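The block underneath contains the structure these notes are about, expressed in structure tokens.
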Amino acid sequence: HALLCDQRGGIYFTPDQGLYYYSFITEKIRSIPIPAHSPDIDITALHLDPKGQLWVGTSGGGLFHADTTDFRYSPVVIDTSLESSAILSIQSDADRLWVSSLNGVWYHDFRESVLHFHSLENDYHQRKYYVYQVLRDANGILWLATDGQGILRIEHQQISPFPANHKLDHKSFYSLVEDARQHLWFNAYLDGLYTVQGD
């Protein structure tokens, strides 16, 4: 369900259940036990933050955090709702970590001394969305790929559907990425790829 390459010549991957790490340098594979509530809980998202900390999202066991030097895992409480334990994606930059769940998007500010998550939708007085992926682009704009609300854009503390100047028929997008030329790419449900160049 999830793949993640690191900067040390290795790759994390998740066959059916569990987490494994393969080193292309040593050509060895390592099983990494996750202290989940049930062995049947699938890992759905993997992310390394700028400090090299590993974040693991699951389909019903919530969020876990680990230092990659010793792989000691600790569960992370996002909030009390059951939907928040179903993680869809994890992203970060130098300032924040974003976790997409079936109960909307939650973020943690790395400048806070305590690991605490805030609701992005509550900040903007919006209802909770299913958000498959979050991306902060090179210009600091936050993009949300949603199920049913299309692409949402957050800039200058304002949230708006994208594009605002013409109708986008497809409402469900699964992922988004920014390439080296700062072009954005979205994949739409049953409608292929969209690209955004500049404005």
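The values are calculated or read from the model by the stated rules, or taken from the named source; none is laboratory data. Please read all numbers here as calculations on a predicted model, not as lab measurements. All Cβ positions, glycine included, derive from the backbone under ideal geometry; neighbour counts span all protein chains shown. Side chains included, ligands, DNA and RNA excluded: accessible areas come from the protein's heavy atoms. Shrake-Rupley method; radii C 1.70, N 1.55, O 1.52, S 1.80 Å.
If you check every pair at least six apart or on different chains, which have Cβ atoms under 6 Å apart with a residue in the stretch 114-130 that is more than 14 Å from LEU102 (Cβ to Cβ) first and a residue that is open to solvent by 40 Å² or more (accessible area, probe 1.4 Å) second?
TYR124/ILE159
So, in the stretch 111-130, of the ones that are surrounded by 17 or more Cβ atoms within 10 Å (Cβ to Cβ) and among the aromatic types (Phe, Trp, Tyr), which residue ends up modelled with the lowest pLDDT?
TYR129
Step by step: first the residues of the stretch 63-82, then only those that are farther than 18 Å from ILE34 by Cβ and free of Cβ contacts under 8 Å to residues at least 24 places away in the same chain, then the one that is least open to solvent (accessible area, probe 1.4 Å). Which residue is that?
SER81
Mind checking whether some residue in the stretch 60-82 is among the charged types (D, E, K, R), part of a loop (DSSP other than H, G, I, E, B) and closer than 21 Å to ARG136 by Cα?
Within the stretch 60-82 (the criterion being among the charged types (D, E, K, R), part of a loop (DSSP other than H, G, I, E, B) and closer than 21 Å to ARG136 by Cα), the answer is no, since none of the residues qualifies.
Give the stretch 113-158 a look and list any residue that's of a type in the set (Gly, Ala, Ser) and touching a helix residue (DSSP H, G or I) at 6+ places or on another chain (Cβ under 7 Å), or say none.
None; the set is empty.
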